[in-house]
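The values are calculated or read from the model by the stated rules, or taken from the named source; none is laboratory data. Because the structure is a prediction, the values reported are computed rather than measured. A quick note on method: Cβ atoms are made from the backbone with ideal geometry, for glycine too, and the neighbour counts reach across all protein chains shown.
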Amino acid sequence: MPKPAPLANIAPLIVTVRDQRVILDADLAALYGVSTMVLNQAVKRNQERFPKAFLFQLTRSEWLNDLKSQIVISNTRGGRRSAPYAFTEHGALMAANVLNSPQAIHMSVALIAAFIRLRETLSANHVMAKRLAEIENTVLTHDAALRDLYQKIRPLLLPPPDPPRRKIGFKTDD
């Protein structure tokens, strides 16, 4: 029985498209040990199992422009005639069920674990960002209070004014 790939090998294959974390068909096919054509044919034969929430095809703009910043386009991707399909977490699991091979089943477990790990990481980042905002708000509140306190104490820190002196000389009533 093949051992699932480590999460470190799978996580870089998951990219964000249309605000969803997905894995592209070529990468999913490689993980499942089949060709991209075999994967896409299995999906087309079982279209009722792949609603739009599970699978969508990238636009040319998404494929050529948006993903260049997220992935390195290899020779296997450069020669495509059509834009790749993007499988969401549930779509990737459904693809394993459609392929029904031992490697696809084992790899789907590792793939789902990678999606879960990414979700946990993003959640932790969200929690840290929220906490950082709270700390920043507290610091700003404290800064304002310290500024007010400093303005009230500052006159006390200045040397006392010189006492009034008696003027020397004659006083005229002009």
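Here are 89, 48: which of them is out of contact with any helix residue (DSSP H, G or I) (no Cβ under 9 Å at 6 or more places or on another chain), at pLDDT 80 or above and of a type in the set (D, E, K, R)?
48
For residues in the stretch 95-150 being small (Gly, Ala, Ser) and in contact with a Ser or Thr (Cβ under 9 Å, 6 or more places away or on another chain), which is surrounded by the most Cβ atoms within 10 Å (Cβ to Cβ)?
Residue satisfying both the conditions and the ranking: 95.
List the residue pairs whose Cβ atoms are under 6 Å apart, where the first residue sits in the stretch 15-37 and is more than 16 Å from residue 93 (Cα to Cα), the second is part of a strand (DSSP E or B), and the two are 6 or more positions apart or on different chains.
17/86
Between a residue in the stretch 42-66 that is surrounded by 10 or more Cβ atoms within 10 Å (Cβ to Cβ) and any residue that is basic (Lys, Arg), which pairs come within a Cβ distance under 8 Å, given they are 6 or more apart or on different chains?
So the pair list comes out as 56/18; 62/18.
Can you spot a residue in the stretch 17-37 that is in a helix (DSSP H, G or I), among the acidic types (Asp, Glu) and modelled with pLDDT of 80 or more?
yes
Here is a yes/no grid of residues against (1) under 27 Å from the mean Cα position of the chain (by Cα); (2) under 30 Å from residue 10 (Cα atoms):
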site: 130; (1), (2): yes, yes
site: 137; (1), (2): yes, no
site: 150; (1), (2): no, no
site: 158; (1), (2): no, no
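Please pick out the residue among 140, 118, 111 that is in contact with a helix residue (DSSP H, G or I) (Cβ under 6 Å, 6 or more places away or on another chain) and assigned to a helix (DSSP H, G or I).
111
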